[in-house]
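Note sheet for the following structure.
The values are calculated or read from the model by the stated rules, or taken from the named source; none is laboratory data. Computed from a predicted structure; not experimentally measured. Note that each Cβ is placed from the backbone with ideal geometry, even for glycine, and that neighbours are counted across all protein chains shown. Accessible surface areas use protein heavy atoms only, side chains included; no ligands, DNA or RNA. Shrake-Rupley method; radii C 1.70, N 1.55, O 1.52, S 1.80 Å.
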Amino acid sequence: GFDDAFILPNDIAVLVIHHPVVSLTAAVMQALTKAGAILLVTDERHLPTGMLWPWVGQDRLAGRLRQQIRLENNPSYRDDLWANIVRSRLETQALNLKYLEKKGSLRLKRLVTQVTSGDPNNLEAQGARHYWKILLPEGVRREKRGASDAINSRLNYGYAVLRAMVARELACHGLQPALGLGHSSGENPFNLADDFMECFRFCVERFVMRSNLSEPFDSNARVRLLDFVKAEVTINGKTFRLPSAIAETVNGFVRVLTGTEKVLPLPGL
């Protein structure tokens, strides 16, 4: 059995519910969402299927929404911001390859210099094809859904937790997550979260590629994988733990919306 553990709701960023017999009272869920925590529910394969996210910034919803709509109506500026996110993703991919002692980082760095507003040449996709070809072992391809292999199942699990962390920070600032910069699907209620998580995916990828992929992806392995949230991220010369780095980027986006800053604070740039 497990010993009882007492954790303050304010110390919880994401609570992942794995086992089907786990039950939570409404009081617990209220306490967690009031504290800004995200709840993830998984299926029988332990892949996240649903999310309960907080509305702690609801007193700012109307004002933030008006600011986001103004940005939505300024496509050239929105495209500039998306270009910076693409550059961050390419740069952190290059850093990852170098960190993992793999070749190919120079091509990604060249792509960074070629990104223009809105990324009309889709350099993000070009960089992704190059990155995954080098990062993954021969014979393994990147699969986003339904993956059961050791690498993709870990990546998808880690990404789901990362997405929840970004969504939590958006909620804390009263931001509407459906209004994205580069992601704009009408069927995706978390376009903005998917935008910002691009810049932090490298934390999951680095941790997965350095983990023991020969062991089963059981509950112990999933708990160890969540240690990726302790990753250190450098933004504008300052080093943050991952949750604080995400907060720094989202805070920067709020400053962009209010007009006090023009450039997003992103890792790798």
Can you give me the long-range amide H partners of residue 174? Hydrogens built in the peptide plane at 1.01 Å from N, cutoff under 5 Å, separation of 5 or more residues or another chain. 57
Could you sort the peptides 140-149, 253-262 by per-residue average Cβ neighbour count (10 Å cutoff), highest mean leading? 253-262, 140-149
Which of 204, 250, 223 ends up with the largest GNM mean-square fluctuation for the chain, with Cα atoms connected below 10 Å? 223
Which of the listed residues, 166, 207, 113, is farthest toward the dipole's positive end in region 112-232, when Lys, Arg count +1 and Asp, Glu count -1 at the beta-carbon? 207
Towards the positive end of the charge dipole of the chain, with charges on Cβ (+1 Lys, Arg; -1 Asp, Glu), say which of 259, 52, 244 has the farthest Cα. 259
Looking at region 14-115, which GluC sites (Glu not before Pro) are in a loop (DSSP not H, G, I, E or B) and have at most 11 other Cβ atoms within 10 Å? 44, 101
Would you calculate a helix-derived [θ] at 222 nm for the chain, using -39,500 (n - 2.57) for each DSSP H run of n ≥ 4 and dividing by the full residue count, to the nearest 500? -15500 deg cm²/dmol
Residues of region 116-252: accessible area per residue at 1.4 Å, in Å²? 45
Heads up, I need the accessible area for residue 7: 1.4 angstrom probe, whole protein in place, Å², nearest 10. 110
Trypsin sites (Lys or Arg not before Pro) restricted to region 29-126 and DSSP loop, no more than 11 other C-beta within 10 Å: 103
Kirkwood Rh and Cα-based Rg: tell me the resulting Rg over Rh for region 158-269, rounded to two decimals. 1.01
Using modelled amide H (1.01 Å from N, peptide plane; none on Pro or chain starts), what sits under 5 Å from the amide H of residue 16, excluding residues fewer than 5 places away? 40
Run the simple label-point estimate for residue 99 and residue 31 please: 7 Å along Cα→C-beta, distance reported in nm. 3.5
Using the per-residue mean of other Cβ atoms lying within 10 Å as a proxy for protection, in what order, highest first, do the peptides 10-20, 157-167, 184-194 fall? 157-167, 184-194, 10-20
Entries in 102/262; 34/133; 103/144; 103/238 that, when Cα-Cα distance is taken, lie over 32 Å: 102/262; 34/133
Percent of accessible area on the chain owned by carbon and sulfur, 1.4 Å probe? 52
Counting alpha carbon pairs within less than 8 Å and at least 6 residues apart, what relative contact order, in whole percent, applies to the chain? 19
If you average the alpha carbon positions of region 135-161 and of region 205-223, how far apart do those two centres end up, in angstrom? 11
Counting every C-alpha pair in the chain, the percent lying more than 26 Å apart is 43
Kirkwood Rh and Cα-based Rg: tell me the resulting Rg over Rh for region 116-208, rounded to two decimals. 0.99
